[in-house]
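Note sheet for the following structure.
The values are calculated or read from the model by the stated rules, or taken from the named source; none is laboratory data. Note that the structure is a prediction, hence the values are computed from the model and not measured. Note that we place each Cβ from the backbone using ideal geometry, even for glycine, and neighbour counts take in every protein chain shown.
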Amino acid sequence: MPNRVYLDHAATSPIYAEVIEAMAKQMAVVGNASSLHTSGRNARSVVEEARERIAAALGARPSEVIFTSGGTEGDNLAIKGTYRATRRIDAARDRLVVSGIEHHAVLDAVEALVATEDARVTWVEPDGDGVVTADAVRTALEADGGAGTAALVSVMWANNEVGTVQPIAEIGAVCAEFGIPFHTDAVQAVGHLGVDFGASGATMLALSGHKVGGPQGVGALLLARDARLDPLTHGGGQERQVRSGTLDVAGILGLAEAVEKSCATREGEAARLAKLRDRLVEGALALDLGVSVSGYYEEGDVERRLPGNAHLRVPGCDGDSMLYLLDAAGVECSTGSACQAGVPRPSHVLLAMGIPEEQARGALRLTLGHTSTDDDVDAFLRELPAVAERARRAQEATRKVS
């Protein structure tokens, strides 16, 4: 297969070579981390060292690191587990306060609680840049019966589609004021932003290995020691009696390697990626295609928008059509979350930001990572004009038929 341009790091990022090497060595070693013999204790040692490394990189205590299969499990464990534990203690707390731009791992977990466990939801909408303010969270907590009815607040650290970074510490302070547990999906933030769990005010934080150059199928939930949370699975109770299951020793080692490396190189990599992102955005705007940028954008910024995220809207085009045309030209990107790929509806994130449905349908998400180069940006900019022209013709033909 000829070389392809990969601009979908938000979906999954290529695994670091040193992570592959470390995992391959560990996979050749037998040992269940729950066994008491020498091989088991050696495996346990690998797990606990990984726990310490992840905690040190993310401003947490080792005891706060709960290993999971990834971001989706972490989000579900945090939301469902907290709701059930809180409701069991205080039946009046039946309300979830959730931003309207969350990943579907959060949204669908919330909807499941509404459908099966009588949960109520107060949605917190973002502003036009996709920012969920602390004042908006405060207003939501005070609505619908007041803060005494709230079981949980959930606001993601950085949006997976438009890249907007949320004021997590400010939101955490509001939640602490009302004594409400605060969950944040930090899958897109870890390794790309300065994530400090202890300083964030969050009670729970979900992360995933394959977004930071680690393996797929492994992640962690950072869980404050005083958090109340009911487990979703039962068995060995391996992780603080919160998450049962045999631990993936090699995967956990790979996760630690990737988190440690991405955090250690974060500042330099963020500056590099922001330059590439800015070249991509400014280049697309200069093509005279009527392109708009979604979310907060300022050249050089690495704090209010993810450094490697460019989210563009091309008028008169369908995002899926552009995706397939770019793919045929050797450029891989997305229209939004990979978990919702192929679903023929506009992004709920863009709609929540107040972007009209017709404009929301013409969106492309281009995300850069540790393998990205100037050549990747050049290839996209070279192909975009022809792709947009073909997509517009297809859109116009569809309108005439309908």
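Quick check on residue 60: is it out of contact with any strand residue (DSSP E or B) (no Cβ under 8 Å at 6 or more places or on another chain), surrounded by 18 or more Cβ atoms within 10 Å (Cβ to Cβ) and in contact (Cβ under 8 Å) with a residue 24 or more places away in the chain? Taking the combined requirement at face value, the residue does not satisfy it. Residues in segment 277-296 that are among the hydrophobic types (A, V, I, L, M, F, W, C) and buried (at least 21 other Cβ atoms within 10 Å of the Cβ) were compared, and the one that is nearest to residue 10 (Cα to Cα) is 280. The residue that is surrounded by the fewest Cβ atoms within 10 Å (Cβ to Cβ), among those in segment 242-275 that are part of a helix (DSSP H, G or I) and free of Cβ contacts under 8 Å to residues at least 60 places away in the same chain, is 268.
Consider residue 110 carefully, then state whether it is within 21 Å of residue 161 (Cα to Cα), of a type outside the set (Ser, Thr, Tyr), under 19 Å from the mean Cα position of the chain (by Cα) and in the same structural domain as residue 158 (by TED's automatic domain parsing). When the stated conditions are applied, residue 110 passes them.
Considering only residues that are under 27 Å from residue 272 (Cα atoms) and among the β-branched types (Val, Ile, Thr), look in segment 158-188 and name the one that is nearest to the chain's Cα centre (by Cα). By that ranking, first place goes to 187.
State all residues of segment 99-132 that are hydroxyl-bearing (Ser, Thr, Tyr) and surrounded by 17 or more Cβ atoms within 10 Å (Cβ to Cβ); if no residue qualifies, say none. 99, 122, listed by residue number. Keeping to segment 4-27, report how many residues are of a type in the set (A, V, I, L, M) and closer than 16 Å to residue 252 by Cβ. The qualifying residues number 7. If you check 214, 191 for being in contact (Cβ under 8 Å) with a residue 40 or more places away in the chain, at positive phi and under 19 Å from the mean Cα position of the chain (by Cα), only one passes: 191. Would you check if there is a residue in segment 336-345 being of a type in the set (Ser, Thr, Tyr) and not in a loop (DSSP other than H, G, I, E, B)? So far as segment 336-345 goes, no, none of its residues is of a type in the set (Ser, Thr, Tyr) and not in a loop (DSSP other than H, G, I, E, B). I'm checking my understanding of the structure. Among residues of segment 323-362 that are among the β-branched types (Val, Ile, Thr) and farther than 17 Å from residue 392 by Cα, which one is modelled with the lowest pLDDT? That would be 343. Comparison of 299, 303, 383, 389 shows that the only residue that is loosely packed, with under 15 Cβ neighbours inside 10 Å, in a helix (DSSP H, G or I) and either at pLDDT 95 or above or of a type in the set (Asp, Glu) (or both) is 389.
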